[in-house]
Amino acid sequence: MENYNQTSTDFILLGLFPPSKIGLFFFILVVLIFLVALFGNLFIMLLIFLDTHLHTPMYFLLSQLSIIDLNHISTIVPKMVSNFLFGNKSISFIGCGVQSFFFLTLGGAEALLLTSMAYDPYIAICFPLHYSIRMSKRVCVLMIIGSWIMGFVNSCVHTTYAFHIRYCQSRAINHFFCDVPAMLTLACMDTWVYEYTVFMSTILFLMLPFIGIACPYGRVVLAVYHMHSAEGRKKVYSTCSTHLTVVTFYYVPLFYTCLHPRSLRSPTKDKVLAVFYTILTPMLNPIIYSLRNREVMGALRRVIQRICTEKM
(Lines give C-alpha, C1' and ligand atoms only; values in the text may rest on other atoms or scores of the structure.)
Protein backbone atom coordinates (compact mmCIF):
# COMPACT_ATOMS: atom_id res chain seq x y z
CA MET A 1 0.00 0.00 0.00
CA GLU A 2 1.29 3.43 -0.93
CA ASN A 3 2.30 5.80 1.82
CA TYR A 4 0.73 9.18 1.24
CA ASN A 5 2.03 10.90 4.36
CA GLN A 6 3.74 14.14 3.46
CA THR A 7 4.90 17.40 4.92
CA SER A 8 3.53 19.73 2.20
CA THR A 9 0.14 21.40 2.42
CA ASP A 10 -1.18 19.52 -0.64
CA PHE A 11 -3.91 16.94 -0.26
CA ILE A 12 -4.03 13.56 -2.00
CA LEU A 13 -7.30 12.38 -3.58
CA LEU A 14 -7.28 8.59 -3.51
CA GLY A 15 -9.94 8.60 -6.23
CA LEU A 16 -12.79 6.43 -7.37
CA PHE A 17 -11.22 4.03 -9.85
CA PRO A 18 -9.05 1.04 -8.86
CA PRO A 19 -5.83 0.60 -10.94
CA SER A 20 -7.20 -2.27 -13.03
CA LYS A 21 -9.20 -3.03 -16.17
CA ILE A 22 -12.38 -2.57 -14.18
CA GLY A 23 -11.10 0.83 -13.07
CA LEU A 24 -10.41 1.75 -16.70
CA PHE A 25 -13.92 0.66 -17.68
CA PHE A 26 -15.51 2.86 -14.99
CA PHE A 27 -13.22 5.73 -15.95
CA ILE A 28 -14.41 5.58 -19.57
CA LEU A 29 -18.01 5.31 -18.35
CA VAL A 30 -17.65 8.44 -16.20
CA VAL A 31 -16.11 10.35 -19.13
CA LEU A 32 -19.08 9.36 -21.32
CA ILE A 33 -21.51 10.38 -18.58
CA PHE A 34 -19.73 13.73 -18.29
CA LEU A 35 -20.04 14.33 -22.05
CA VAL A 36 -23.75 13.40 -22.00
CA ALA A 37 -24.30 15.77 -19.06
CA LEU A 38 -22.32 18.52 -20.77
CA PHE A 39 -24.18 18.39 -24.09
CA GLY A 40 -27.53 17.51 -22.49
CA ASN A 41 -27.57 20.54 -20.23
CA LEU A 42 -26.29 22.81 -23.00
CA PHE A 43 -29.08 21.42 -25.20
CA ILE A 44 -31.76 22.23 -22.59
CA MET A 45 -30.40 25.76 -22.05
CA LEU A 46 -30.16 26.50 -25.78
CA LEU A 47 -33.61 25.06 -26.54
CA ILE A 48 -35.26 27.14 -23.82
CA PHE A 49 -33.46 30.23 -25.12
CA LEU A 50 -34.47 29.65 -28.77
CA ASP A 51 -38.10 28.59 -28.39
CA THR A 52 -40.47 31.30 -27.16
CA HIS A 53 -43.06 28.69 -26.12
CA LEU A 54 -40.66 27.68 -23.34
CA HIS A 55 -40.27 31.22 -22.00
CA THR A 56 -42.34 30.37 -18.93
CA PRO A 57 -41.46 30.34 -15.21
CA MET A 58 -41.08 26.54 -15.11
CA TYR A 59 -38.61 26.42 -17.97
CA PHE A 60 -36.79 29.49 -16.73
CA LEU A 61 -36.18 27.58 -13.50
CA LEU A 62 -35.24 24.48 -15.51
CA SER A 63 -32.62 26.46 -17.43
CA GLN A 64 -31.11 27.53 -14.11
CA LEU A 65 -31.07 23.89 -12.97
CA SER A 66 -29.13 23.03 -16.13
CA ILE A 67 -26.63 25.80 -15.38
CA ILE A 68 -26.12 24.45 -11.85
CA ASP A 69 -25.82 20.84 -13.05
CA LEU A 70 -23.33 21.80 -15.73
CA ASN A 71 -21.12 23.59 -13.24
CA HIS A 72 -21.66 20.93 -10.58
CA ILE A 73 -20.29 18.07 -12.65
CA SER A 74 -17.56 20.30 -14.11
CA THR A 75 -16.32 21.02 -10.59
CA ILE A 76 -15.70 17.31 -9.93
CA VAL A 77 -15.07 15.27 -13.07
CA PRO A 78 -12.27 17.17 -14.91
CA LYS A 79 -9.96 16.96 -11.87
CA MET A 80 -10.87 13.27 -11.41
CA VAL A 81 -10.07 12.57 -15.07
CA SER A 82 -6.79 14.49 -14.86
CA ASN A 83 -5.71 12.55 -11.76
CA PHE A 84 -6.44 9.21 -13.44
CA LEU A 85 -4.76 10.02 -16.76
CA PHE A 86 -1.59 11.58 -15.39
CA GLY A 87 -1.32 9.59 -12.16
CA ASN A 88 -0.90 12.77 -10.11
CA LYS A 89 -3.44 12.54 -7.31
CA SER A 90 -2.36 15.66 -5.46
CA ILE A 91 -4.46 18.79 -5.20
CA SER A 92 -3.22 22.01 -3.66
CA PHE A 93 -4.64 23.35 -0.41
CA ILE A 94 -6.18 26.31 -2.27
CA GLY A 95 -7.41 24.09 -5.11
CA CYS A 96 -9.10 21.79 -2.62
CA GLY A 97 -10.76 24.76 -0.95
CA VAL A 98 -12.01 26.15 -4.28
CA GLN A 99 -13.40 22.77 -5.34
CA SER A 100 -15.11 22.25 -1.99
CA PHE A 101 -16.53 25.79 -2.04
CA PHE A 102 -18.09 25.47 -5.50
CA PHE A 103 -19.38 21.96 -4.82
CA LEU A 104 -21.18 23.07 -1.65
CA THR A 105 -22.50 26.29 -3.21
CA LEU A 106 -23.92 24.50 -6.24
CA GLY A 107 -25.27 21.62 -4.15
CA GLY A 108 -27.13 23.93 -1.78
CA ALA A 109 -28.46 26.07 -4.64
CA GLU A 110 -29.74 22.98 -6.47
CA ALA A 111 -31.55 21.63 -3.40
CA LEU A 112 -33.41 24.92 -2.97
CA LEU A 113 -34.04 25.38 -6.69
CA LEU A 114 -35.74 21.97 -6.86
CA THR A 115 -38.08 23.23 -4.14
CA SER A 116 -38.88 26.33 -6.20
CA MET A 117 -39.64 24.11 -9.19
CA ALA A 118 -42.19 22.21 -7.10
CA TYR A 119 -43.92 25.52 -6.27
CA ASP A 120 -44.68 26.20 -9.95
CA PRO A 121 -47.09 23.27 -10.65
CA TYR A 122 -48.63 23.76 -7.21
CA ILE A 123 -49.64 27.34 -8.05
CA ALA A 124 -50.60 26.45 -11.64
CA ILE A 125 -53.00 23.69 -10.54
CA CYS A 126 -54.26 24.83 -7.13
CA PHE A 127 -54.34 28.61 -7.74
CA PRO A 128 -54.54 29.06 -11.54
CA LEU A 129 -56.08 32.54 -11.35
CA HIS A 130 -53.16 33.79 -9.22
CA TYR A 131 -50.44 32.15 -11.31
CA SER A 132 -49.30 35.24 -13.19
CA ILE A 133 -48.84 37.11 -9.90
CA ARG A 134 -47.34 34.38 -7.72
CA MET A 135 -45.03 33.11 -10.47
CA SER A 136 -44.06 36.37 -12.12
CA LYS A 137 -40.60 36.90 -13.57
CA ARG A 138 -39.66 38.92 -10.49
CA VAL A 139 -40.67 36.04 -8.17
CA CYS A 140 -38.66 33.55 -10.25
CA VAL A 141 -35.59 35.79 -10.16
CA LEU A 142 -35.92 36.19 -6.39
CA MET A 143 -36.19 32.40 -5.99
CA ILE A 144 -33.04 31.87 -8.03
CA ILE A 145 -31.07 34.61 -6.27
CA GLY A 146 -32.22 33.31 -2.89
CA SER A 147 -31.09 29.78 -3.78
CA TRP A 148 -27.65 31.00 -4.83
CA ILE A 149 -27.20 33.26 -1.79
CA MET A 150 -28.18 30.57 0.71
CA GLY A 151 -25.98 28.02 -1.06
CA PHE A 152 -23.11 30.53 -0.96
CA VAL A 153 -23.54 31.27 2.75
CA ASN A 154 -23.75 27.57 3.62
CA SER A 155 -20.65 26.87 1.56
CA CYS A 156 -18.71 29.68 3.24
CA VAL A 157 -19.49 28.25 6.68
CA HIS A 158 -18.44 24.69 5.83
CA THR A 159 -15.38 25.64 3.78
CA THR A 160 -14.11 28.19 6.29
CA TYR A 161 -14.36 25.66 9.11
CA ALA A 162 -12.72 22.86 7.13
CA PHE A 163 -9.75 24.99 6.09
CA HIS A 164 -9.08 26.57 9.46
CA ILE A 165 -8.58 23.40 11.48
CA ARG A 166 -5.36 21.49 12.14
CA TYR A 167 -4.74 18.39 10.04
CA CYS A 168 -2.51 15.46 10.90
CA GLN A 169 0.53 14.44 8.88
CA SER A 170 -1.49 12.28 6.50
CA ARG A 171 -3.15 14.29 3.75
CA ALA A 172 -4.72 11.37 1.86
CA ILE A 173 -8.45 12.03 1.36
CA ASN A 174 -10.28 8.75 0.72
CA HIS A 175 -12.61 10.28 -1.84
CA PHE A 176 -12.62 11.44 -5.47
CA PHE A 177 -13.08 15.13 -4.62
CA CYS A 178 -12.53 17.43 -1.65
CA ASP A 179 -15.58 16.40 0.33
CA VAL A 180 -15.45 18.13 3.71
CA PRO A 181 -16.62 15.13 5.83
CA ALA A 182 -13.92 12.96 4.20
CA MET A 183 -11.33 15.67 4.87
CA LEU A 184 -12.25 15.96 8.53
CA THR A 185 -11.35 12.31 9.16
CA LEU A 186 -7.75 13.58 8.88
CA ALA A 187 -8.22 16.28 11.52
CA CYS A 188 -6.09 16.27 14.67
CA MET A 189 -8.86 17.70 16.80
CA ASP A 190 -12.44 17.07 17.86
CA THR A 191 -14.85 18.07 15.07
CA TRP A 192 -18.08 18.10 17.07
CA VAL A 193 -18.71 21.71 15.96
CA TYR A 194 -18.76 20.57 12.36
CA GLU A 195 -21.08 17.66 13.17
CA TYR A 196 -23.54 20.18 14.60
CA THR A 197 -23.13 22.35 11.49
CA VAL A 198 -23.89 19.36 9.26
CA PHE A 199 -27.03 18.68 11.30
CA MET A 200 -28.23 22.28 10.85
CA SER A 201 -27.41 22.24 7.13
CA THR A 202 -29.30 18.97 6.72
CA ILE A 203 -32.39 20.58 8.22
CA LEU A 204 -32.10 23.78 6.15
CA PHE A 205 -31.08 22.27 2.81
CA LEU A 206 -32.62 18.78 2.91
CA MET A 207 -35.40 18.35 5.47
CA LEU A 208 -37.21 21.67 4.98
CA PRO A 209 -36.89 21.66 1.16
CA PHE A 210 -38.11 18.05 1.06
CA ILE A 211 -41.15 19.03 3.13
CA GLY A 212 -41.52 22.05 0.83
CA ILE A 213 -41.69 19.66 -2.13
CA ALA A 214 -43.85 16.95 -0.54
CA CYS A 215 -46.59 19.27 0.77
CA PRO A 216 -47.33 21.08 -2.54
CA TYR A 217 -47.32 17.79 -4.44
CA GLY A 218 -49.72 16.34 -1.89
CA ARG A 219 -52.11 19.22 -2.68
CA VAL A 220 -51.52 18.72 -6.40
CA VAL A 221 -52.41 15.01 -6.20
CA LEU A 222 -55.66 15.85 -4.39
CA ALA A 223 -56.50 18.51 -6.98
CA VAL A 224 -55.73 16.16 -9.86
CA TYR A 225 -57.85 13.42 -8.30
CA HIS A 226 -60.90 15.68 -8.64
CA MET A 227 -60.15 16.58 -12.26
CA HIS A 228 -62.74 15.47 -14.82
CA SER A 229 -60.37 15.57 -17.78
CA ALA A 230 -58.35 12.37 -18.24
CA GLU A 231 -55.96 14.20 -20.57
CA GLY A 232 -55.42 16.91 -17.96
CA ARG A 233 -54.69 14.32 -15.28
CA LYS A 234 -52.23 12.54 -17.56
CA LYS A 235 -50.38 15.78 -18.33
CA VAL A 236 -50.13 16.79 -14.67
CA TYR A 237 -48.98 13.31 -13.59
CA SER A 238 -46.32 13.37 -16.30
CA THR A 239 -44.99 16.76 -15.18
CA CYS A 240 -45.04 15.87 -11.48
CA SER A 241 -43.50 12.42 -11.94
CA THR A 242 -40.67 13.96 -13.97
CA HIS A 243 -39.79 16.40 -11.22
CA LEU A 244 -40.21 13.80 -8.46
CA THR A 245 -37.84 11.45 -10.31
CA VAL A 246 -35.19 14.19 -10.38
CA VAL A 247 -35.79 14.98 -6.69
CA THR A 248 -35.47 11.31 -5.72
CA PHE A 249 -32.14 10.84 -7.50
CA TYR A 250 -30.75 13.94 -5.82
CA TYR A 251 -32.21 13.88 -2.31
CA VAL A 252 -32.17 10.19 -1.35
CA PRO A 253 -28.36 9.67 -1.55
CA LEU A 254 -27.81 12.98 0.27
CA PHE A 255 -30.30 12.03 3.00
CA TYR A 256 -28.57 8.71 3.53
CA THR A 257 -25.09 10.27 3.57
CA CYS A 258 -25.94 13.09 5.98
CA LEU A 259 -28.24 11.21 8.35
CA HIS A 260 -26.41 7.88 8.45
CA PRO A 261 -24.42 7.52 11.70
CA ARG A 262 -20.75 8.27 11.11
CA SER A 263 -19.70 5.09 12.93
CA LEU A 264 -21.65 2.96 10.41
CA ARG A 265 -20.38 4.73 7.29
CA SER A 266 -17.53 3.58 5.07
CA PRO A 267 -15.44 5.54 2.51
CA THR A 268 -16.47 3.14 -0.27
CA LYS A 269 -20.18 3.57 0.47
CA ASP A 270 -19.80 7.38 0.70
CA LYS A 271 -18.04 7.48 -2.68
CA VAL A 272 -20.69 5.34 -4.37
CA LEU A 273 -23.49 7.52 -2.98
CA ALA A 274 -21.61 10.67 -4.00
CA VAL A 275 -21.56 9.42 -7.59
CA PHE A 276 -25.35 9.79 -7.67
CA TYR A 277 -25.56 13.47 -6.75
CA THR A 278 -22.29 14.64 -8.34
CA ILE A 279 -22.16 12.68 -11.61
CA LEU A 280 -25.36 10.77 -12.40
CA THR A 281 -27.93 13.44 -11.50
CA PRO A 282 -26.44 16.17 -13.77
CA MET A 283 -26.59 13.65 -16.64
CA LEU A 284 -30.07 12.30 -15.89
CA ASN A 285 -31.82 15.66 -15.38
CA PRO A 286 -31.75 16.82 -19.02
CA ILE A 287 -32.59 13.30 -20.24
CA ILE A 288 -35.58 12.98 -17.90
CA TYR A 289 -36.91 16.45 -18.70
CA SER A 290 -36.44 15.91 -22.45
CA LEU A 291 -37.76 12.40 -23.00
CA ARG A 292 -40.67 12.66 -20.58
CA ASN A 293 -41.78 16.15 -21.57
CA ARG A 294 -43.96 16.73 -24.63
CA GLU A 295 -43.41 20.48 -24.56
CA VAL A 296 -39.63 20.07 -24.75
CA MET A 297 -39.90 17.59 -27.63
CA GLY A 298 -42.37 19.89 -29.37
CA ALA A 299 -39.97 22.82 -28.94
CA LEU A 300 -37.17 20.70 -30.45
CA ARG A 301 -39.30 19.97 -33.52
CA ARG A 302 -40.14 23.65 -33.93
CA VAL A 303 -36.50 24.71 -33.66
CA ILE A 304 -35.43 22.05 -36.19
CA GLN A 305 -38.20 23.10 -38.60
CA ARG A 306 -37.18 26.76 -38.23
CA ILE A 307 -33.53 25.93 -38.97
CA CYS A 308 -34.48 23.83 -42.01
CA THR A 309 -36.78 26.59 -43.31
CA GLU A 310 -34.06 29.23 -42.95
CA LYS A 311 -31.54 27.05 -44.81
CA MET A 312 -33.98 26.55 -47.69
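The values are calculated or read from the model by the stated rules, or taken from the named source; none is laboratory data. The structure presented is a predicted model; accordingly, all values stated were derived computationally and were not measured. With ideal geometry, Cβ positions are generated from the backbone for all residues, glycine too; neighbour counts draw on all protein chains shown. Please note that ligands, DNA and RNA were not included when accessible areas were found on the heavy atoms of the full protein model with its side chains. Shrake-Rupley method; radii C 1.70, N 1.55, O 1.52, S 1.80 Å.
When you restrict to C-alpha pairs under 8 Å that are six or more residues apart and normalise by the size of the chain, the relative contact order lands at 28 percent. Nothing charged except the Cβ atoms of Lys and Arg (+1) and of Asp and Glu (-1): what's the magnitude of the dipole of the chain about its Cα centre? Round to the nearest 20 debye. About 660 debye. Remark on the range 79-132: ratio of C-alpha radius of gyration to 2.2 N^0.38 Å is 1.98.
Using a simple spin-label model with pseudo-atoms 7 Å out from Cα toward Cβ, THR245 and SER266 lie 3.1 nm apart. Consider all pairwise Cα distances in the range 154-234 and report the whole-number % of them above 16 Å. Tail of P(r) above 16 Å: 65 percent of Cα pairs. Projecting the Cα positions of ASN174, GLY212, GLY151 onto the charge dipole of the range 102-235 (unit charges on Cβ atoms of Lys, Arg, Asp and Glu, taken about the Cα centre) puts GLY212 furthest along the positive direction.
Helices in the chain that qualify as membrane-span-like (whole DSSP H runs, Cα extent of at least 20 Å along the helix axis, mean Kyte-Doolittle hydropathy of -0.5 or higher) are 21-50, 57-86, 93-126, 137-162, 208-225, 230-259, 294-311. Note on the chain: lysine pairs with Cα distance below 27 Å, sequence gap of 8 or more or different chains, count 10. Placing dummy labels 7 Å off each Cα toward the beta-carbon, the span from VAL193 to VAL141 is 3.9 nm. Note that the range 1-104 presents 52 Å² accessible area per residue, ligands and nucleic acids not counted, probe 1.4 Å.
Kindly identify the chain as rounded, prolate or oblate by the Cα gyration tensor criterion: order the square roots of the eigenvalues as a ≥ b ≥ c, call it rounded if a/c is under 1.5, otherwise compare a/b with b/c, prolate if a/b is larger, else oblate. Prolate, because a/c is 1.5 or more and a/b exceeds b/c. Placing pseudo-labels 7 Å out from each Cα toward the beta carbon at PHE26 and HIS226 gives an inter-label distance of 5.1 nm.
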